[in-house]
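Have a look at the structure below, then the notes.
A short reminder: the numbers here are calculations on the coordinates, not readings from a lab. Computed from a prediction, not measured in an experiment: that's the story for all the values here. A quick note on method: Cβ atoms are made from the backbone with ideal geometry, for glycine too, and the neighbour counts reach across all protein chains shown.
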Amino acid sequence: MQEFVQEILISDAQIQQRVSELGAQISLDYAGKEILLLCILKGGVIFLADLAKSITVPLEMDFMAVSSYGSATHSSGVVKIVKDLEESIEGKHVLIVEDIIDTGLTLKYLIENLKQRQPASLKIVALFDKPDNRAVDILVDYSGFIIPNKFIVGYGLDYRQFYRNVPYIFVPNPEKDPRDR
Ligand code: PRP
């Protein structure tokens, strides 16, 4: 694993600190209200779990899974809902929980889709933001870290579907994946 980790970009402690700050800010902003945390699977799940623990207003959780129609058509912004919400969001204060915003196409689609369901409000919290790669404008209400345009893994972000459980953010060395041995 040591050789696979080319560079640690953000440590476990830095992430925990920032997640607590985001949770505190969200708790202030939503004082007197209830929140529906809408987690986008799979990458958002680790962030959701930590963030939820640092929010002090009443909250419920729901989950959506989306996929783009293959990388070739990703830039078209065509997104498919693989798993939809279980409950109506009408009249609710919805906060979308994303691990990372890259091109912004996933969120653009989700925002348009979710607005039609008439939530009381719709905001976004993203732990990692790669603004260099943006294809569409997205207003991110709460952003954790600005990330350079590098391929990163850990804290929900996968490398070939693995390593989401690594508690820090690292740049992998693809030639040294322990799973290839
Ligand atoms: C990642 C991430 C966002 C999306 C961001 O998910 O969790 O949902 O990509 O990219 P974009 O801004 O360019 O649209 P991914 O499709 O890798 O699925 P996963 O979370 O299940 O790994």
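Below are the figures for this structure:
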{"quantity": "Distance between modelled label sites at Phe145 and Gln161, nm, 7 Å Cα→Cβ extension", "calculated": "2.6 nm"}
{"quantity": "Folded to 0 to 90 degrees: helix 12-29 orientation relative to the chain principal axis, Cα", "calculated": "10 degrees"}
{"quantity": "The chain: proportion of alpha-carbon pairs further apart than 29 angstrom, %", "calculated": "20 percent"}
{"quantity": "Over the chain: helical MRE at 222 nm, DSSP H runs n ≥ 4 each giving -39500 (n - 2.57), nearest 500", "calculated": "-6500 deg cm²/dmol"}
{"quantity": "Between helix 105-115 and the chain: long-axis angle, C-alpha atoms, 0 to 90°, nearest 10", "calculated": "20 degrees"}
{"quantity": "Gained length - Leu41 relative to Ser121, 0.36 nm times residue gap less alpha-carbon distance", "calculated": "26.7 nm"}
{"quantity": "Mean separation of Cα contacts under 8 Å, 6 or more apart, over the residue count of the range 1-119: relative contact order %", "calculated": "26 percent"}
{"quantity": "Percent antiparallel among DSSP beta bridges (both partners in the chain, rounded to 5)", "calculated": "30 percent"}
{"quantity": "Cross-link table Lys42/Lys123; Lys33/Lys80; Lys92/Lys150; Lys53/Lys115; Lys115/Lys150; Lys83/Lys176, entries beyond 29 Å C-alpha to C-alpha", "calculated": "Lys33/Lys80; Lys92/Lys150; Lys115/Lys150; Lys83/Lys176"}
{"quantity": "Relative pair counts by distance (%), Cα atoms of the range 93-140, 5 Å bins", "calculated": "5, 21, 34, 24, 12, 4, 0"}
